[in-house]
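Peer 1: The structure under discussion is supplied below as structure tokens; questions concerning it will follow.
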Amino acid sequence: MNQDQINALRRMPVAPRGHLIDGKSVAASDGATLDVLSPIDGSVLTQIARGTAADMEAAIASARASFEDGRWSGQPPAARKKVLLKWADLIDANALELAVLGVRDNGTEISMAIKAEPGSAAATIRYYAEALDKIYGEIAPTTSDILGLIHKEPVGVVGAIIPWNFPLMIGAWKLGPALAMGNSVVLKPAETASLSLMRMAELALEAGLPSGVLNAVTGEGAVVGEAMGLSMDVDVLVFTGSGGTGRRLMEYAARSNMKRVYLELGGKSPNIIFADAPNLDEAATVAAAGIFRNAGQVCVAGSRLLVEAPIHDDFVAAVVKAAEAMRVGDPLDMNTTIGAVNSETQLAANLGFVETAKSEGGNVVTGGGRILQDTGGYYMAPTIVTGVTRDATLTQKEVFGPVLGVTSFEGEAEAVQLANATVYGLAGGVWTSNLSRAHRMIKAIRTGVVHVNTYGGPDVTVPLGGVGQSGNGHDKSLHAIEKYTNLKTAWIKL
Ligand code: NAD
């Protein structure tokens, strides 16, 4: 990738987009559209279909029909593998186009988006394509007059609701294992980041995925997302997004067909720096990147920095220095390290959290405000607040923006107490040269992921999922396949 290629792509007009239903692009049943605003400068980029409940029902019916007639579920594993591998190749071949389109829509800096979006999506699809013909059923250890077989079957129709922060990566975490296992899928992209995911879905059809196996409906969560949640014909619902929506999805399932619901929700992840960290300068740089890249809109962002008291002041100074060295601005400039906040609403929410932190006694030691307002875009300076207490809003509530709260601690026991002081449990980090302490902390921290002497970066080979109110189930790794699979027992008298 080079800047000239990016500049050429950013100038391309973006055609309005319909839903993808039964292999065709279709308008909303009532013709309504939503304007897509670019967070880069606030301009109207294009329009997407503003879906209706009827549109969602049509997409689900198409997925159901495709599943029942076996056009995908009935294909031999080797045939499904071939299509998915071709899809991954097409994503790679169109990587820059996909990344720039996504950045114009959601504001992630291109230096991150190129790897985290098409790069990671292609790798994920390829991983599950390669896995799908290595998944065996089981024979149970029964008595000799019985044969007990355990079959692994697709679940049927999967509904996948995707957030705006990494639509391709998170979309692929759901689509890869769901399609590999032979399911049919209906996607619901986020209102403010539909474009690149819709394009990636189209590429699946170009790769040979039969019509109706992957459908996608754009529009408002409260309308089309709700229709998906309440459907009697969706078997499994997978979701990444906020806790509030996650709660609603569980209610929808209870009120409809009791579909299985898997939630990947937010976090308030502690990044814990002990005085014996192997390299405090590196820890400071990584801690800043771990909260500020993608303007803090990362589910595992290390949004709480817990620093051992003797190094607190020096370490905070080093993180402030690292934060101030990060370049905030045009996300399509390759030298930008922090792009735009996704929407004006999200920016206002972030600024509200800073005001609350101040009113609760926090000290803003850098950032704190909106910047680059003359561009028309939504930018915020990386913000660090010290003196954040255990009960403060910045400890307890997810911001999902470039705001880092800092708390000082004394010794391991207090670090663990603070780390586990929230309802969340998605990720955490520990920096220490003491191997025994590292292992004690891994066990003691109640989260789905613990980083040691690094922060961020686990690839598709390991599971990602939270505990507590960070959700249930796992994306990534072979474990994710369980969500998209039913076990069936055959008990045969010989
Ligand atoms: P959100 O919950 O508002 O929206 C997520 C998706 O849900 C969107 O597609 C939206 O249209 C849809 N939705 C909204 N209301 C709905 C409803 N009533 N019924 C059905 N669908 C509905 O969240 P967001 O603002 O898009 O994403 C940010 C949040 O997601 C943050 O809290 C963040 O921590 C979390 N997140 C978690 C992970 C993870 O892996 N755990 C990853 C990324 C983001």
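The values are calculated or read from the model by the stated rules, or taken from the named source; none is laboratory data. Bear in mind that the values here come from a model prediction, so they are computed numbers and not experimental data. Quick reminder, even Gly has a Cβ in these numbers, built from the backbone with ideal geometry, and neighbours come from all protein chains shown. Quick note on the areas: whole protein, heavy atoms, side chains included, nothing else; ligands and nucleic acids left out. Shrake-Rupley method; radii C 1.70, N 1.55, O 1.52, S 1.80 Å.
Peer 1: Can you name every one of the helices (runs of 4 or more DSSP H) wholly within region 4-113 that holds 2 or more residues which are open to solvent by 50 Å² or more (accessible area, probe 1.4 Å)?
Peer 2: 53-68, 77-93
Peer 1: Next up: If we keep just the residues of region 412-423 that are among the aliphatic types (A, V, I, L, M) and part of a loop (DSSP other than H, G, I, E, B), which is most open to solvent (accessible area, probe 1.4 Å)?
Peer 2: VAL423
Peer 1: Quick one: is TRP164 within 17 Å of the chain's Cα centre (by Cα) and part of a loop (DSSP other than H, G, I, E, B)?
Peer 2: yes
Peer 1: Could you check region 221-241 and list, in sequence order, the residues that are touching a residue at least 40 places away in the same chain (Cβ under 8 Å), near the ligand (Cβ under 10 Å from one of its atoms) and either of a type in the set (Val, Ile, Thr) or surrounded by fewer than 17 Cβ atoms within 10 Å (Cβ to Cβ) (or both)?
Peer 2: Matches in region 221-241: VAL223, VAL224, THR240.
Okay, residues lined up against (1) out of contact with any Gly (no Cβ under 6 Å at 6 or more places or on another chain); (2) on the phi < 0 side of the Ramachandran plot; (3) among the β-branched types (Val, Ile, Thr):
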site	(1), (2), (3)
LEU34	yes, yes, no
ASP41	no, yes, no
LEU45	yes, yes, no
THR52	yes, yes, yes
ALA59	yes, yes, no
ASP69	yes, yes, no
GLY74	yes, yes, no
VAL83	no, yes, yes
ALA93	yes, yes, no
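Peer 1: I would also like to ask the following. Criterion first (out of contact with any Lys or Arg (no Cβ under 8 Å at 6 or more places or on another chain), charged (D, E, K, R) and at positive phi) does ASP22 satisfy it?
Peer 2: Yes: the conditions hold for ASP22.
Peer 1: Quick check: is even one residue across region 143-160 within 13 Å of the ligand (Cβ to nearest atom) and surrounded by 13 or more Cβ atoms within 10 Å (Cβ to Cβ)?
Peer 2: yes
Peer 1: Criterion first (within 16 Å of the ligand (Cβ to nearest atom) and in contact with a strand residue (DSSP E or B) (Cβ under 7 Å, 6 or more places away or on another chain)) does GLY456 satisfy it?
Peer 2: no
Peer 1: Provide a single number: the residues in region 469-494 that are touching a Lys or Arg at 6+ places or on another chain (Cβ under 7 Å) and open to solvent by 20 Å² or more (accessible area, probe 1.4 Å).
Peer 2: 2
Peer 1: Okay, next question. Taking ALA253 as meeting all but one of (1) of a type in the set (Gly, Ala, Ser); (2) open to solvent by less than 50 Å² (accessible area, probe 1.4 Å); (3) over 19 Å from LYS174 (Cα atoms); (4) without any contact (Cβ under 8 Å) to a residue 60 or more places away in the chain, write down the number of the exception.
Peer 2: So the condition that ALA253 fails would be (3).
Peer 1: For region 174-185, check the following and say yes or no: at least one residue is of a type in the set (Ser, Thr, Tyr), more than 16 Å from the ligand (Cβ to nearest atom) and closer than 26 Å to GLU220 by Cα.
Peer 2: The answer is yes; a qualifying residue exists.
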